[in-house]
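Worksheet for the structure shown next.
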Amino acid sequence: MASTTSPPPSYPSAARISDSPCFPQYTASLKCLEEFSTDKSKCQEHFDVYKECKKKEREARLERNKTRSLFS
């Protein structure tokens, strides 16, 4: 029986979260939630850092895409 492995993502937005430059912030947020599941407000700083990282990641991706042309 042949194995059915899925092909790698064809574009960066489909990449795994572990490939993101924000992965450390993501895991820190999750660890905080595990530790303080009854009081999520204690994790707000982690959430804010992750959100800012994702914002910068998105801005960098948009900037890279500006320099690309569909017709080159």
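Nothing in this text is a laboratory measurement; each read-out follows from the coordinates by a stated rule. Small disclaimer: the values here were computed from a predicted structure and weren't measured.
Working note: Karplus 6.51/-1.76/1.60 with θ = phi - 60° gives region 21-34 the couplings x, 9, 4, x, 5, 4, 5, 4, 4, 5, 4, 4, 4, 5 Hz, where Gly and Pro are set to x.
Each residue of region 35-47 was assigned a 3J(HN,Hα) from its phi angle through the Karplus curve 6.51 cos²θ - 1.76 cosθ + 1.60 (θ = phi - 60°); the sequence is 6, 10, 4, 8, 9, 5, 4, 5, 9, 4, 4, 4, 4 Hz, with glycine and proline shown as x.
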